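First up is the structure itself, then whatever we jot down about it.
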Amino acid sequence: MPTYQYRCSSCSHELEAFQSMNDEPLTVCPECGAEQLKRVISAGGGFMLKGSGFYNTDYKNASKSQAAAPPCACANGACNL
Ligand SMILES: [Zn+2]
């Protein structure tokens with residue numbers, strides 16, 4: 001029997017339920033009585049990590065191109081900037 005995890009979007013109560021594949025999904029929160037139970041997909045999370053990885057790459061590239069910004073206009077080191 002698979003275990004399903006539910007989370008109430010009204011009061012944030014979480015619970016696990018043993019249900020067969022053919023059972024109707026639970027909708028009523030036993031804690032607050034609201035019909036706000038949503039089934040939680042627990043195998044997620046990888047997407048967020050990948051997303052931040054892409055963000056870091058973009059950020060590094062951005063700062064690199066900033067470091068290669070135009071050199072001193074005098075081009076011979078005469079100015080001490
Ligand atoms: Zn609730």
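So for each of 30-41, 11-22 I average, over its residues, the number of other beta carbons within 10 Å; can you give me the resulting order with the highest mean first? Let's see the in-between values first.
Numbers: 30-41: 13.5, 11-22: 11.6.
Per-residue mean Cβ counts within 10 Å order the peptides as 30-41, 11-22.
May I ask for the net charge around residue 17, where only other residues with Cβ less than 12 Å from the Cβ of residue 17 are counted and Lys, Arg are +1 while Asp, Glu are -1? Mind showing how you got there, number by number?
Values: positive: 7, 39; negative: 14, 16, 23, 24.
After counting each charged neighbour, the total is -2.
Please give me the summed charge of the neighbours of residue 26: other residues whose Cβ is under 13 Å from its Cβ, Lys and Arg +1, Asp and Glu -1. Show your work: numbers first, answer last.
Working: positive: 7, 38, 39; negative: 14, 16, 23, 24, 31, 35.
Around residue 26, the surrounding residues sum to -3.
None of the figures in this text is laboratory data; all of them are computed from the coordinates on show. All of these numbers come straight from a predicted model, not from anything done at the bench. Cβ coordinates were reconstructed from backbone atoms using ideal geometry, including for glycine residues, and neighbour counts include every protein chain displayed.
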